[in-house]
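Have a look at the structure below before the remarks.
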Amino acid sequence: MTSKDDFEPVIVAFCCHYCAYGAADLAGSMRLQYPSTIRVIKLPCSGTIDVLHILRAFELGADGVMVAGCLEGTCHFMEGNYHAKRRVERAKRMLAEVGLEKERLEMFNMSAAEGPVFAEVVREMTERIKELGPSPLKRPLKNSVSQRRPGRR
Amino acid sequence: MARPFREVLNSGKFVVTSEVGPPKGSNLEELIHHIDLLKDRVDALNVTDNQSSVMRYPSLGGCLFIKEHGGEPILQMTCRDRNRLALQADLLFAYSRGITNVLCLTGDSIPVGDHKEAKGVFDLDSVQLLKTVRLMEEGKDLGGNDLAGGIRFCAGAIVTPEANPVEPQLIKFEKKVAAGAEFFQTQAIYDIDNFKRFMEVARRFDVKVLAGIVLLVSAGMARYMNRNVPGIFVPDQLIEEMVSAEKGKALETGIRIAGHMIRQLKEEAICDGVHIMAIGRESVVPDILAAAG
Amino acid sequence: MIIGKQKPLEEIREMLEGYKRVLILGCGTCVTVCLAGGEKEVAILATLLRMSEKMAGGDKTFSEHTIQRQCDNEFLDELEEKVKDVDAVLSLACGAGVGLVAERFPDLPVLPGLNTTFIGIPQERGVFTERCLSCGDCILDETGGICPVARCTKGLLNGPCGGTNNGKCEVDPEKDCAWTLIYQRLERQGKLERMRAYRPPRNFQAVVRPGKVVAE
């Protein structure tokens, strides 16, 4: 039984190349402290996120998922972050349907210059997931890989 | 015995009709009470037919009571609940029991009623039903068969003078006339000027038009109808009158307004009569008639 | 094309009670376009079902496959292999597809994951609207291409009814009154006499159900 202090959440962070990843990079160069709980996955645009990616992340054992894109109105691909926002909302509803807390998933917007915002967001998400505890779906990574179908796309 | 409705329509007098709504159940006390209250005060009395898609004791049953009590009934037939076989069969039955007036309606849609999962039949529409009445009068049914004994009806339909847009509604009106409608009871009107404009079109045809009068009981009701009921427009001026009525006098104001409208329609010979719909307040209809003089 | 909508997850889970190895079968034609039962939707549903199965402590397994069309036997051939170790198929095709797969594998429960709703078109992104009721007696030449049978809630041939409100239907203020649309279209084309013409009662037996067509 993991106590809250022992629990090291696994948080998958889908970051868009132009803004969120830039902010993550900057946070690194600025030597800002933030928890090492996140696993960053770079997307060309937050709009390329699919509901399926989010759900698979949870299925494979993520305790939390965040999707980070450009500030609204400044998306490099114009509307990508609006699509992302809608899909995150939809994925939240689906999480609720299977009995997972909606708060495990969140969308954030930031500009590439906002290193501190990135760090803060990671801290916030980590705190939140620690509060919620490990995902009820958690299982050893080895098993989950063998049960996963090879992607067809 | 009441005078046959067709006779009254053609007599040149200002015609007054009203309606009773049957109960949801077999307890007919109130229905019979309303029938007795109104049958001698009006030229003919409609019985509504599952109005607003709410299941009720049928119009045909109510009409039989009116007949028994010496009144002149108008059978309302909607196309929502019966297919062409049942509609024709009901016409035969009604005629055999001395009911000779019918109002042909399409009927409200199912979702607005209280049996929201029911099948809405709509085998015929109101225009086709009118044609069917006339066809049966010539001794044939819709299947092309000869009838052993025909029917004869004074048939009418409804029209919404304040529909927006009004042109499609006018096309429908003309089709109903062509299909055999002799009289029309309109949807509730509140604006006499608008109604006069409609009557300019209606007067081109040899049909009788009875203006629909719905009693206002409160400003809230007026606003509700403006928002929710298609084809009803209560002018601001009338809403104001309802609003500024003394506490507890709203109903009186409504009665006064209705009475005033009827008097104006009669005195200016704008149309051939009125159809008073008191929707649940049938007991108040005599007061409206009194207010109209 | 045929438009369908996925059943709620709860309803699907109830249907799957008692089965252990379920194949979720998608269809690559109509239901892919209306975002209800294509390959993507199969993947999403499979993931959701696995997740909720895990939450419930169950041991159902779900396999995924999508074929070009479930309503055509030639595309069902490849399923012979896929259904070998499966005790139920959850088909995301329209009713025709579900039925044909069920006919092809009569010993296997084939369950519908969608509610098939109507023949329609994509009106705008993500929004599909009904356009045809397959009445078997098309009168679109008389109504300017707008079908009153499918798009008028009462299916009136001599419309509109008294419930039309500012060009919208009494049943749903977001839905257009088909007869108002027909009026506007015919007026635009100078063909209003088609609306003035009396239309006799519809032949409801133009297609005697269940329908059958033999191509010569």
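Residue count for the stretch B:226-259 satisfying the condition of being not aliphatic (A, V, I, L, M) and not in a loop (DSSP other than H, G, I, E, B): 12. Checking the condition buried (at least 22 other Cβ atoms within 10 Å of the Cβ), at pLDDT below 85 and among the β-branched types (V, I, T), which residue from B:I276, B:I288 passes? After ruling out the rest, the residue left standing is B:I288. Counting only residues that are among the polar types (S, T, N, Q) and farther than 12 Å from C:Q70 by Cα, the stretch C:5-31 holds 1 of them. When the stretch C:196-216 is limited to residues that are of a type in the set (A, V, I, L, M, F, W, C) and more than 9 Å from every other protein chain (Cβ to nearest Cβ), the one that is surrounded by the most Cβ atoms within 10 Å (Cβ to Cβ) turns out to be C:V207. Identification of strands (runs of 3 or more DSSP E) wholly contained in the stretch C:37-155 with 1 or more residues that are of a type in the set (D, E) and out of contact with any Ser or Thr (no Cβ under 7 Å at 6 or more places or on another chain) yields C:61-67, C:114-124, C:127-132.
Applying a threshold of 8 Å to beta carbon distances and a minimum spacing of six or more residues, or different chains, the list of pairs starting in the stretch C:168-195 at a residue that is within 11 Å of chain B (Cβ to nearest Cβ) and ending at one that is aliphatic (A, V, I, L, M) and part of a loop (DSSP other than H, G, I, E, B) reads C:A178/C:I146; C:W179/C:L156; C:L181/C:I146; C:I182/C:I146; C:Y183/C:L192; C:L186/C:L192.
Only one entry of A:H83, A:H53 meets the criterion of being within 13 Å of another protein chain (Cβ to nearest Cβ), under 12 Å from the mean Cα position of the chain (by Cα), in contact (Cβ under 8 Å) with a residue 24 or more places away in the chain and not in a loop (DSSP other than H, G, I, E, B), and that entry is A:H53. Selection of the stretch C:1-15 for residues being outside any loop (DSSP other than H, G, I, E, B) and more than 14 Å from chain A (Cβ to nearest Cβ) yields C:I2, C:I3, C:G4, C:K5, C:M15. Could you list, in sequence order, the residues of the stretch C:123-139 that are surrounded by 14 or more Cβ atoms within 10 Å (Cβ to Cβ) and closer than 21 Å to C:L186 by Cα? Hits for the stretch C:123-139 are C:E130, C:R131, C:C132, C:I139.
With the structure loaded, tell me whether C:D107 is out of contact with any strand residue (DSSP E or B) (no Cβ under 7 Å at 6 or more places or on another chain), more than 14 Å from every other protein chain (Cβ to nearest Cβ) and either of a type in the set (G, A, S) or within 23 Å of C:K20 (Cα to Cα) (or both) or whether it fails that test. The answer is yes for C:D107. Could you say whether any residue in the stretch C:46-59 is over 23 Å from A:D50 (Cα atoms), modelled with pLDDT of 95 or more and either among the basic types (K, R) or over 22 Å from the mean Cα position of the chain (by Cα) (or both)? So far as the stretch C:46-59 goes, no, none of its residues is over 23 Å from A:D50 (Cα atoms), modelled with pLDDT of 95 or more and either among the basic types (K, R) or over 22 Å from the mean Cα position of the chain (by Cα) (or both). Pairing residues of the stretch C:78-99 that are of a type in the set (D, E, K, R) with residues that are part of a loop (DSSP other than H, G, I, E, B) and surrounded by fewer than 24 Cβ atoms within 10 Å (Cβ to Cβ), at Cβ distances under 9 Å and at least 6 apart in sequence or on separate chains, gives C:E80/C:F105; C:D87/C:G18; C:D87/C:Y19; C:D87/C:K20; C:D87/C:L108; C:D87/C:P109. Does the stretch B:260-273 contain at least one residue that is touching a residue at least 12 places away in the same chain (Cβ under 8 Å), touching a Ser or Thr at 6+ places or on another chain (Cβ under 7 Å) and not in a strand (DSSP E or B)? For the stretch B:260-273, residues touching a residue at least 12 places away in the same chain (Cβ under 8 Å), touching a Ser or Thr at 6+ places or on another chain (Cβ under 7 Å) and not in a strand (DSSP E or B): absent. How many residues are within 24 Å of C:R13 (Cα to Cα) and over 13 Å from the mean Cα position of the chain (by Cα) when one looks only at the stretch C:67-99? Residues that pass the stated criteria total 14. What about C:G144, is it surrounded by 14 or more Cβ atoms within 10 Å (Cβ to Cβ), facing chain B (nearest Cβ under 9 Å) and either modelled with pLDDT of 95 or more or out of contact with any Leu (no Cβ under 8 Å at 6 or more places or on another chain) (or both)? Considered against the rule, which asks whether it is surrounded by 14 or more Cβ atoms within 10 Å (Cβ to Cβ), facing chain B (nearest Cβ under 9 Å) and either modelled with pLDDT of 95 or more or out of contact with any Leu (no Cβ under 8 Å at 6 or more places or on another chain) (or both), C:G144 comes out as no. None of C:G120, C:G95 is surrounded by fewer than 17 Cβ atoms within 10 Å (Cβ to Cβ) and at pLDDT 95 or above except C:G95. Of all residues in the stretch B:218-276, those that are within 14 Å of chain C (Cβ to nearest Cβ) and in contact with an Asp or Glu (Cβ under 6 Å, 6 or more places away or on another chain) total 3.
The one condition from (1) within 10 Å of chain C (Cβ to nearest Cβ); (2) crowded, with 22+ Cβ neighbours inside 10 Å that A:C75 does not meet is (1). Does the stretch C:16-36 hold any residues that are of a type in the set (K, R) and part of a strand (DSSP E or B), and which are they? Within the stretch C:16-36, C:R21 is the sole residue that qualifies.
Among the conditions (1) charged (D, E, K, R); (2) without any contact (Cβ under 8 Å) to a residue 60 or more places away in the chain; (3) under 23 Å from B:K13 (Cα atoms), B:E72 misses just one, which is (2). Among the criteria (1) more than 13 Å from the chain's Cα centre (by Cα); (2) on the phi < 0 side of the Ramachandran plot; (3) more than 14 Å from chain C (Cβ to nearest Cβ), the one A:R93 does not fulfil is (3).
Among the residues of the stretch A:103-142, those that are assigned to a helix (DSSP H, G or I), touching a strand residue (DSSP E or B) at 6+ places or on another chain (Cβ under 6 Å) and not β-branched (V, I, T) comprise A:R104, A:M125. When each of B:L91, B:L64, B:L85 is tested for being in contact (Cβ under 8 Å) with a residue 60 or more places away in the chain, of a type in the set (A, V, I, L, M, F, W, C) and not in a strand (DSSP E or B), the lone residue that passes is B:L91.
Scanning the stretch C:40-63 for residues that are closer than 16 Å to C:S91 by Cβ, aliphatic (A, V, I, L, M) and more than 7 Å from chain A (Cβ to nearest Cβ) yields C:V42, C:L45, C:A46, C:L49. The combined condition, being under 29 Å from B:G143 (Cβ atoms) and either within 18 Å of the chain's Cα centre (by Cα) or not in a helix (DSSP H, G or I) (or both), is fulfilled by B:G98. Which members of the stretch B:88-115 meet the condition of being crowded, with 24+ Cβ neighbours inside 10 Å, closer than 14 Å to B:F153 by Cα and within 13 Å of chain C (Cβ to nearest Cβ)? Within the stretch B:88-115, B:L103, B:C104 meet the criteria. Total residues in the stretch A:19-50 satisfying the condition of being in a helix (DSSP H, G or I) and of a type in the set (A, V, I, L, M): the figure is 5. Do we have any residue at all in the stretch B:217-225 that's modelled with pLDDT under 95 and part of a loop (DSSP other than H, G, I, E, B)? Checked against the condition, which is being modelled with pLDDT under 95 and part of a loop (DSSP other than H, G, I, E, B), the stretch B:217-225 yields at least one hit.
The values are calculated or read from the model by the stated rules, or taken from the named source; none is laboratory data. From a predicted model like this one, the values you see are computed outputs, not experimental measurements. In this analysis, Cβ positions are derived from the backbone assuming ideal geometry, glycine residues included, and neighbour counts consider all displayed protein chains.
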